[in-house]
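In what follows, a single structure is set out as structure tokens and then discussed.
The values are calculated or read from the model by the stated rules, or taken from the named source; none is laboratory data. What you are looking at is a predicted structure, and each value in this text was computed from that prediction instead of being measured. Methodologically, a virtual Cβ is constructed for each residue, glycine included, from the backbone with ideal geometry; neighbour enumeration extends over all protein chains shown.
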Amino acid sequence: MRRKTLDLLLNWVGVLLTLMLFVAGAGLIVGYTFTSNQVKSQLLEQKVFFPKVGGQDYQDLVSAHLTQYAGEQVLTGSEAQIFANDIIGVDTNQISGGKTYSQLSTAAQKDPSNAGLASQVELVFRGDTLRGLLLNAYAFGFIGVIALYAAIASFVLGLCMLVLTLLGVRHYRQVDPDAEIQHKV
């Protein structure tokens, strides 16, 4: 096989890989932008705010060392996780005495006349539901961040492949057209 033919094939493979990496990077950026915008718009509609300084749940922020969020609206996936775990999770755990919704619900079904237990079940159900919704926002936000990092890696690898391809083109132009690849057996 002629050396120039092999170099030409390798250059075309380099061009295709470069294009694939740049297209993948662009797709990942679109994915990151979409998930970030969706998480933010959904959280914006819910109008969830961290407790203000001196507010009822402010101590939850103090104990979690997260007072920098006091009074701010929850707009990102990571903020949704903090609110879900460090505000709602703490409150529902206090209301339930460490029991799960399922455990409380089973106890309430056995004693339907216990109004206090029924109230506990309702509060824990509402808290766990909101917590689950916020943790879904966190999960999608996290997927978006992964897409962003993958896009950056794809663009960096695409640039490296572009440099290697250009070096291959330069080598292709310098190779003797009659040079053959030596086979050793």
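List of remarks:
- Segment 121-149, subset among the hydrophobic types (A, V, I, L, M, F, W, C) and within 20 Å of PHE49 (Cβ to Cβ), residue nearest to the chain's Cα centre (by Cα): ALA137
- Residue list for segment 103-142, filter: in a helix (DSSP H, G or I), over 30 Å from PHE34 (Cα atoms) and polar (S, T, N, Q): GLN103, SER105, THR106, GLN109, SER119, GLN120
- The residue that is nearest to the chain's Cα centre (by Cα), among those in segment 64-87 that are modelled with pLDDT of 90 or more and hydrophobic (A, V, I, L, M, F, W, C), is ALA80.
- If you go through segment 168-185 and pick out every residue that is surrounded by fewer than 17 Cβ atoms within 10 Å (Cβ to Cβ), within 45 Å of the chain's Cα centre (by Cα) and within 15 Å of LEU6 (Cβ to Cβ), you end up with 3.
- For segment 2-9, the criterion of being more than 25 Å from the chain's Cα centre (by Cα) and not in a helix (DSSP H, G or I) is met by at least one residue.
- Considering residues of segment 34-62 that are touching a residue at least 12 places away in the same chain (Cβ under 8 Å) and among the polar types (S, T, N, Q) only, the residue farthest from GLY141 (Cα to Cα): GLN46
- Residues located in segment 27-51, provided they are part of a helix (DSSP H, G or I) and exposed (fewer than 14 other Cβ atoms within 10 Å of the Cβ): VAL30, PHE34, ASN37, SER41, LEU44, GLU45
- In segment 15-24 there is at least one residue that is farther than 26 Å from ARG170 by Cα and in contact (Cβ under 8 Å) with a residue 12 or more places away in the chain.
- The set of residues from segment 52-66 being surrounded by 14 or more Cβ atoms within 10 Å (Cβ to Cβ) and either assigned to a loop (DSSP other than H, G, I, E, B) or in contact with a helix residue (DSSP H, G or I) (Cβ under 6 Å, 6 or more places away or on another chain) (or both) comprises GLY55, ASP57, ASP60, LEU61, ALA64, LEU66.
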